[in-house]
Structure formats: structure tokens, C-alpha cells
Amino acid sequence: MSRILITGAGGLVGRASIEHCLANGDEVVSYDHQSLDIGDAERVETVVANQLPDAVINCAAWTDVDGCESDPAKAERVNAAGPENLARACRYAGAVFVTISTDYVFDGAKVGFYTQRDQPRPLSVYGRFKLEGERRSMAEHARTIVVRSGYIFGPGGRNFLSTVIDRARRGENLKAITDCWGTPTYARDLAARLRELAELDLPGVFHVVSEGDGANFETFTRKALKLARCEQAIVEPVSMDSLSRPAPRPRNSKMKCLLSAAIGLRPLPHWQEGLADFVTRIDHEQGQNRGIAV
Ligand SMILES: NC(=O)c1ccc[n+]([C@@H]2O[C@H](COP(=O)([O-])OP(=O)(O)OC[C@H]3O[C@@H](n4cnc5c(N)ncnc54)[C@H](OP(=O)(O)O)[C@@H]3O)[C@@H](O)[C@H]2O)c1
């Protein structure tokens, strides 16, 4: 790869992608929400035409799952029209297009792992428009790679785990959902795979998750707390329904990929390895903030 345009640069995966591509010697042009609204078709076309990237990696999305439920028009504009606009601009510019989708395209009724052979049936507005974004971008540009992922965690963004560790360190009690399973995915490993897929330029739908049997939030939380030396924190197991959130979520959204191994891609590292790296990085950051040598 040489020149890569990354959208959603201020987000969790966006930041990890920029860091990874720069570390691999790519020329990176990145846009956060303020500098490029992916729902603005004209602006997207102008930016991509001016930058002439070899690849565009779309990390931008409206990820507020409950917010999407009450504003479907905005969800459609960002999560469906956004990738479609980028895909069209990539077609005009001759760039490969990689866009991230979600495990929430599935309804969660399956026992076991979802693969590309499973029919999506989103339960939420967020899931519905993410699926629409997949379909519209593939229809718009043949060189589109859709990467479904889920339960993403990592340094430098808003995410469930950093909040959990911060709160435990402040001595607060925590709640963790026990009846909802997914495949945790480390943002830094996902970022590496996004770049690898862009380089391969093989269109299709990929499921990209960290290795492992999957986990529920309670397991995930307890492992993180142990690594962060906060085992004493009180974790109250709760059911998904007890939280009465506006958007329904799949109870099971564990995923596996049928294509990755077939084309010779190695599995991503286990999510527990990612978790250990993540906690080390949080400790390092917090140590630096307190002026401690780490
Ligand atoms: N996090 C997960 O567990 C998870 C699971 C499955 C799939 N995904 C997918 O993974 C991708 C990356 O998500 P993430 O976890 O990195 O989420 P994130 O941290 O919320 O990042 C998304 C970024 O997109 C930006 N954005 C929102 N609307 C935009 C617009 N109209 N134009 C341009 N940028 C816009 C946001 O900026 P503002 O915050 O300033 O609005 C934010 O910086 C998304 O496609 C998401 O659907 C995430």
C-alpha cells in the first residue's frame, strides 16, 4: 500500500488504523468527523478526488446504537449513505474501499458462530442501516471489502473496557451483562487486518474478530479487572433486559470467517492477548499522567 485515506480518524478504530498504517510506512491522510462528514456526498467526492488514495478505510459511523433507534434518518445518512458515498468516490478515483460493519446485522438467535453463510436479520435501526451500508457500497463499487467486527476494545477511544477499569479504580461498583455473547476484538489487531485486506484487494464480506471462543460481558470484565489488578471490584451480574435500553441487541453475535483461512490469512491473536496489551497501555498512560516512570 502507499497512500491510504482514513475516515472517522477520531474514533477507536480510526486511531488504531492511523497508527498502524503510519508504522508500516504508508502515506496516511486522515479525516475526523469535523473535517469530513461522510454523509455529505459532494464533499466526499471532492476529498477523495483531490487526495487520490490507493485505498480508503472507512472507520466513521454513528455508533450510538440507542441513539440510532430514535433518529433513523440520521442513522441512514451516516451508516448507509456514508459508506455508499465513499464507495462511489472510490470507484471514480480507482481506489479500493474497506468499510467496517457490525455483528449487529445478525439477530442473535443462532447457537454457535455466525459466518458469511448466515442470513443477516438486524434487530435494531443501527444494525439495519449498517447492513444497508454494506449492500449499497458493494453495489456502488466492485472493489469494496466489508469487514464485520464486534465487541471492539482498545486504547484511545470511548469503549466499555476503559470505563470499567477507571470506575473500578475509583472504587465504584460495576454491572456486567451475563446473557449476551460476542467475540471480543482488539482494535489494534483489527486495524492490522484492515490494512492487510486493503492490500489484498479481494472484494467480499469478511468477519474479522480476535481468536477465542467468545465471551459475555461479565467474563470480559472480570478478565480485564484481573489484568488491571482490580479483582476486588464488585461486579454485579445483570441481564440484558434489566437495562431497558431502547435498541434491541443480539444475544449471541459471535462470529467466524469462512474466507480468511481459505485465502491464507492467519487468525488474529486471541482477545485475551489483546486485553493484556490494552491494560499495559492503560497503565503506561496513567503512569505517565502521574509522572511515574513506567
Ligand atoms: N465499537 C464496537 O464495539 C463496534 C462493534 C461492531 C462494529 N463497529 C464498527 O466499527 C467502526 C468503528 O467504530 P469505533 O468503535 O471506532 O466507533 P467510534 O469510536 O464511535 O468512532 C466512530 C467515529 O466516526 C465519527 N463519525 C460519526 N458520524 C460521522 C460522520 N457523519 N462523518 C464522519 N465521521 C463521523 C465519530 O465522530 P464523533 O464522535 O465526533 O461523532 C467517531 O469519531 C464503525 O463502523 C462501527 O459501526 C464497532
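Only the coordinates and a few stated rules stand behind these numbers; no lab work does. If you're wondering where the values come from, they're calculated on a predicted model, not measured in any experiment. FYI the Cβ positions are ideal-geometry reconstructions off the backbone, even for glycines, and counts take in every protein chain you see.
A compact table of results
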{"read-out": "All-pairs alpha carbon distance profile, segment 150-216, 10 Å steps from 0, percent", "value": "18, 39, 30, 10, 3"}
{"read-out": "Unit charges at the beta carbon, dipole of segment 1-83: most positive-side option, I18, W62, P72", "value": "I18"}
{"read-out": "Beta bridges per DSSP with both ends in the chain, % antiparallel, nearest 5", "value": "5"}
{"read-out": "Counted charge near Y92, where neighbours are those whose Cβ lies closer than 15 Å (Asp, Glu -1; Lys, Arg +1)", "value": "-1"}
{"read-out": "Positive minus negative residues near G150 (Lys, Arg vs Asp, Glu; Cβ under 9 Å)", "value": "+1"}
{"read-out": "Long-range amide H partners of Y114 with built H, under 5 Å", "value": "K254, M255, K256"}
{"read-out": "Residue among A16, A81, A176 with the largest mean-square fluctuation in a Gaussian network model of the chain, springs linking Cα atoms under 10 Å", "value": "A176"}
{"read-out": "L258/T219 FRET efficiency (R0 30 Å; Cβ-Cβ; nearest 0.05)", "value": "0.70"}
{"read-out": "Gained length - D32 relative to E19, 0.36 nm times residue gap less alpha-carbon distance", "value": "3.3 nm"}
{"read-out": "Charge dipole (debye, nearest 20) of segment 1-95; +1 at Cβ of Lys and Arg, -1 at Cβ of Asp and Glu", "value": "280"}
{"read-out": "Sites matching trypsin sites (Lys or Arg not before Pro) across segment 189-235 that sit in DSSP coil, with at most 16 neighbouring C-beta atoms within 10 Å", "value": "R229"}
{"read-out": "Given 16 as the ceiling on other Cβ atoms within 10 Å, longest exposed-site-free region of the chain for GluC sites (Glu not before Pro) in DSSP loops", "value": "1-171"}
